[in-house]
Each structure stands twice: as structure tokens, then as C-alpha cells.
């Protein structure tokens, strides 16, 4: 089977994706800053890279048939200081630059690159709501500009004759960590914390569907360009929160609206994103033949609650 080189493979999505690739018989090489002491499962290996120093294991690049590019500093983990905003941008653009230089300067058999992007590309819903599509321009806010730079930074691989697919990923729901873990925290105390008025639309995707989409992008040569990686049925923050509460707590929870000013005090500029309503269409990837396993929030949350 083919060998897939992954950046960001030690993160939440990367771990689930690696497992999915191994189940399909792929060999996986995970690029990491520190390979010391890492134990590789059968079918996987680790290779060193350092984005800041623009260094990468040449042999790993030469062994790869495909590249999955997930690397990038977390967007919500830290306060958006000027320095951290710069880190968010550069962790994406500079890692792309390193990959492009490695592909340009080393003989390789890489057929395609599938790169992570995000629906932060889009702005907020207008009235009447028209779901965002891949042809819509990037928003002028921080995340919109970041996503635009991110996608532009990996685009030069096409000039090397490589097929490029960019997946604009929605809110990823996973059983261990990520956004869902944050939604669950107040429920430990019997509180269903609805953010603001709760009407803002959340375009989400089950992590298993996202990983299947990466596989689909690798295996289908007709796919190229940008695709929205979101489930067919976005829901409001209120519906997501209350659905999760019913699954975890039954009837034993209290719904509470967290006021906007409290969110702004807690999150600063990041509150813009949790309060933003973004209804995003998955029609393009569906038209390309991809089938979702989790189209509705109820089935996704029920599955994830079992894991």
C-alpha cells in the first residue's frame, strides 16, 4: 500500500486519522519536532522536522506517496495576543513553505497533497441566510485572512505537478478532547451552557467523517481545490448544547445562557468566533460522491458519547 506523510499527526485529528489510515492498510510517517522516546505502532514511523529552522527529514519526503498537511497552532487554546496571532499564521504558512521546498528540492513520488483549512475562511451569516460555498471570498477578519494565507501558502505545490485538495473544516466533534470536551465541562455540574442567545449556527463534522474525507481526497483523483468539510445539517449552538445535555444527563440539567459580556471577558477576541453564526454548505463534496455517516447532530453525539 501507499505511504502517507502526515504533518500535525500527533494532534487530536492526526491520531484518529492515523488509526483510520492504518486500518485501510496504508503506511504512515508522522512528522514531529521531537522523535525521542516515541513508540511507533505497526505500520507507522516518526520523522523529524523543525518548521522554525526549516528543516525536514529528506528520506521521509522521498518515501511518501501522499502528504496530509494538518500542522498549525491551536486557534482557541490561548489568548489572541499579537504574538500568538502571528504564531497561528506562521505555524501554517511556514510549515507549507517547508513542505514545498522539500518537494521541490528532493526527488519524490508524491502524487497529491491534502491540506487542512477551516471554515474560518467565511464571515458571519447574513439575512436571509445563504449557506457559504467554496466560491465565496475570504472574510476580512483575523481568521478569514489567516485561512486565505494558509491556503495560498500550500498552493505552489500545484506548480510542481501535484494534485492539491484543501478541506475547509468545520467544528470537529471528537470523543476525546477538542470542542466537544469544552461543551461537556459545564454538564459535569448539571449545567447546559448556551453561549449568548444560542441562535448562532454551528457547522460541525464528526471526526470519523472528517478522516474518511481525507481518505476520499487521497483516493479520488478527480478531487482538487477547496471543499467544505462540514456535515449536511448545521445546528444552532442552543440545539447542539441541549441535545448533548439530554444524551449525557437525561432530564437532569439546567439550561443557562452565558451572557455575551461574560464571554468577552473570558475569551477576549476569541469570543467573536464562538458567537459567530456560520452556515456552511457541504454540497460540493457531496456532489463529488462523498457519503456522510453522521448527517445529524443526534447520531454524531450519540456515537461520540459511547467512546
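The values are calculated or read from the model by the stated rules, or taken from the named source; none is laboratory data. It should be emphasised that the depicted structure is a prediction, and the values quoted were computed from it without experimental measurement. Using ideal geometry, Cβ is built from the backbone for each residue, glycine included, and neighbour counts are taken over all protein chains shown.
Observations, loosely collected:
Rundown of residues vs (1) surrounded by 20 or more Cβ atoms within 10 Å (Cβ to Cβ); (2) under 30 Å from residue 155 (Cβ atoms), yes/no style:
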| site | (1), (2) |
| --- | --- |
| 222 | no, yes |
| 233 | no, no |
| 240 | yes, no |
| 260 | no, no |
| 267 | no, no |
| 277 | no, yes |
| 282 | yes, yes |
| 287 | no, yes |
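- Cβ pairs under 6 Å, 6+ apart, first in region 1-25 and farther than 15 Å from residue 114 by Cα, second part of a strand (DSSP E or B): 10/32
- Residue list for region 59-80, restricted to those being more than 23 Å from residue 165 (Cα to Cα) and modelled with pLDDT of 95 or more: 59
- Scanning region 243-261 for residues that are within 17 Å of residue 201 (Cβ to Cβ) and over 24 Å from the mean Cα position of the chain (by Cα) gives 257, 260.
- Residue within region 214-237 that is more than 26 Å from residue 17 (Cβ to Cβ) and at pLDDT 95 or above present: yes
- Candidates 245, 192, 179 - the one that is in a helix (DSSP H, G or I), modelled with pLDDT of 95 or more and crowded, with 18+ Cβ neighbours inside 10 Å: 245
- Filtered residues of region 139-176 (kept if crowded, with 19+ Cβ neighbours inside 10 Å, in a loop (DSSP other than H, G, I, E, B) and out of contact with any strand residue (DSSP E or B) (no Cβ under 6 Å at 6 or more places or on another chain)): 139, 174
- Any hit, region 64-82, residues being part of a helix (DSSP H, G or I) and surrounded by 22 or more Cβ atoms within 10 Å (Cβ to Cβ): no
- Residues that are out of contact with any strand residue (DSSP E or B) (no Cβ under 8 Å at 6 or more places or on another chain) and in a helix (DSSP H, G or I) do occur in region 118-130.
- Residues that are in a helix (DSSP H, G or I) and under 17 Å from the mean Cα position of the chain (by Cα) within region 281-290 comprise just one, 285.
- The residues of region 198-211 that are part of a helix (DSSP H, G or I) and either more than 18 Å from residue 67 (Cβ to Cβ) or in contact with a strand residue (DSSP E or B) (Cβ under 8 Å, 6 or more places away or on another chain) (or both), listed by number, are 207, 208, 209, 210.
- So residue 293, is it assigned to a loop (DSSP other than H, G, I, E, B) and free of Cβ contacts under 8 Å to residues at least 24 places away in the same chain: no
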